[in-house]
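Taking it in order: structure first as structure tokens, then the write-up.
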Amino acid sequence: MRRASVQFFGNRSFTFRAQAGSLSRQARFFVVVELAALLMNYFLFRWLVPKVHVLPPELVSFLGTFIVFVTFAYPMRRLVIFKLPE
């Protein structure tokens, strides 16, 4: 819980400088997106492990996490959660 709070306020304050947005809206979207990313990480890992035999599961996990972050988590943070009002 503490890690998620630090991540949320770090993204809000430093990464995206989105203090002008609604805190409660951002927090709700953040929780939903993080839960979705967690599920995506799990299912992508379960799908990749039997297909990528050349890498140990630990590295497959890193690969899956990277794919989810680049294609889903970061764009959602940038374009939805911490998007600044016009």
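The values are calculated or read from the model by the stated rules, or taken from the named source; none is laboratory data. Treat the numbers as computed from the prediction; the structure is a model and nothing was measured. Quick reminder, even Gly has a Cβ in these numbers, built from the backbone with ideal geometry, and neighbours come from all protein chains shown. In case anyone asks, the SASA skips ligands and DNA or RNA and just uses the protein heavy atoms, side chains included. Shrake-Rupley method; radii C 1.70, N 1.55, O 1.52, S 1.80 Å.
Some observations on this one:
- When Arg25 is tested against the conditions (1) basic (Lys, Arg); (2) part of a helix (DSSP H, G or I); (3) loosely packed, with under 10 Cβ neighbours inside 10 Å, the lone failure is (3).
- Applying the criterion of being modelled with pLDDT of 90 or more, of a type outside the set (Lys, Arg) and out of contact with any helix residue (DSSP H, G or I) (no Cβ under 9 Å at 6 or more places or on another chain) to the residues of the stretch 6-21, the residue that is most open to solvent (accessible area, probe 1.4 Å) is Phe14.
- Residue match in the stretch 31-46 (condition: at pLDDT below 95, part of a helix (DSSP H, G or I) and surrounded by fewer than 11 Cβ atoms within 10 Å (Cβ to Cβ)): no
- Contact map, the stretch 55-66: residues that are more than 21 Å from Ala36 (Cα to Cα) paired with residues that are open to solvent by less than 70 Å² (accessible area, probe 1.4 Å) and of a type in the set (Val, Ile, Thr), Cβ distance under 7 Å, separation 6+ or inter-chain. Pairs shown: Pro57/Val49.
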